[in-house]
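Report on the structure given below.
The values are calculated or read from the model by the stated rules, or taken from the named source; none is laboratory data. Predicted model, so just to flag it, every value in this text is computed and none were measured. Here the Cβ positions follow ideal geometry from the backbone for every residue, glycine too, while neighbour counts run over all protein chains shown. For accessibility, only protein heavy atoms count, side chains too; no ligands or nucleic acids. Shrake-Rupley method; radii C 1.70, N 1.55, O 1.52, S 1.80 Å.
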Amino acid sequence: DLFKAKPSGQAYKVLENISFSLNRSESLGIIGKNGAGKSTLAKIIANTLTPSQGEINVNGTVHALLELGLGTHPEFTLRENVYLIALSFGLSSKFVDEHYDEIIDFAELRDHQNKIFKELSTGMQMRLSFSVATIKRPDFLIVDEALSVGDLSFQFKSFEKIKEFKKLGTTLVVISHDETAIKTLCDKALLLDLGKIIYFGSPAEAFENYNKFILPKKNIGTLNSVDDQINNNNKVGTLAAQLDKFLMVDS
């Protein structure tokens, strides 16, 4: 009985009254605390989850990087996983044959082709998945926290590729806690909290609302004024932890 799940009798709504639209080549950032419903919304857009009510309309091909390692096999080699990932995006083996070298070189994994996938670092796994997902421009690209795993040089290269896709008409959805990434890539931002839309508009205002009203919510009783902290050297939050030193090092 200790391990037996007991039904609570109450339905839990992960998302509620979500409604928005995106035009072709527009880009949307989705932000919010863990558990706000961001990834669930991404999976619904990607059609890997079906909403219990309402409907969603997506016109065109969708490539989605939803979870690290999704669509891969840990015991297969990197080379074998290229074909496996491509299959999940609807790409043929013939297409992968023609573009295999391009995929490997973009991911910077030429020297690791015969390694078992589980032996790769998380950054390498992400680079491979991103490279396969973007070898052919989709109409709709969804990136859920994937870019945060890569190093800065690969992030920059990925951003440039995404920008190129945007110019060519790809609609983009980015889910991230990275304010710089959202502001750099996105035209609009959607702020979620407890499954509801709190704000939909400019990325700058979305993060301002996120920092002011969402992050310090549980600490409001102990703070004199969140605004005082925002106005004091642009610091936000309780300041219970601070960075004293920052270093950049080479290999």
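What to note about this one:
- Estimated 222 nm signal from helices in the chain, with DSSP H stretches of n ≥ 4 weighted -39500 (n - 2.57), rounded to 500: -9500 deg cm²/dmol
- A simple spin-label model places the labels of Thr184 and Arg79 3.4 nm from each other, with each point 7 Å out along Cα-to-Cβ.
- Contact order, relative form, for the chain: 27 percent (alpha carbon pairs under 8 Å, 6 or more residues apart, mean separation divided by residue count).
- Annotation: extensible slack from Ser202 through Ala241 equals 11.1 nm (criterion: 0.36 nm per residue apart, minus Cα-Cα distance).
- Among the listed pairs Lys33/Lys196; Lys136/Lys183; Lys38/Lys163, a Cα-Cα separation exceeding 19 Å is found for Lys136/Lys183; Lys38/Lys163.
- Partners for Lys166 among aspartates and glutamates (Cα-Cα distance below 14 Å; same-chain residues under 8 apart left out): Glu26, Asp139, Asp187
- 5 angstrom amide H check on Ile197, placed H, neighbours 5+ away: none
- Anisotropy class of region 1-112 from Cα gyration tensor, a/c 1.5 cut: oblate
- Annotation for Ile56 and Ile116: the two label points, set 7 Å from Cα along the Cα-Cβ direction, are 3.5 nm apart.
- Of all DSSP bridge pairs formed entirely within the chain, close to 25 percent run antiparallel.
- A 1.4 Å probe run over region 109-220, with the rest of the protein chains in place, finds 45 Å² accessible per residue.
- Top of Lys166, Lys115, Lys43 by mean-square fluctuation, Gaussian network on the chain, Cα under 10 Å: Lys115
- Most tightly packed first, judged by the mean number of other beta-carbon atoms within 10 Å of their residues, the peptides 69-78, 134-143 read 134-143, 69-78.
- Packing here is the average count of other Cβ atoms within 10 Å per residue, and on that basis the peptides 181-188, 57-64, highest first, run 181-188, 57-64.
- The overall shape of region 101-202, judged from the alpha-carbon gyration tensor, is prolate: a/c is not under 1.5, and a/b is greater than b/c.
- Accessible area of region 12-130 belonging to carbon and sulfur atoms, whole % at 1.4 Å probe: 46 percent
- Overall shape: oblate for region 143-196, with the ratio a/c of the largest to smallest alpha carbon gyration tensor axis at 1.5 or above and b/c at least equal to a/b.
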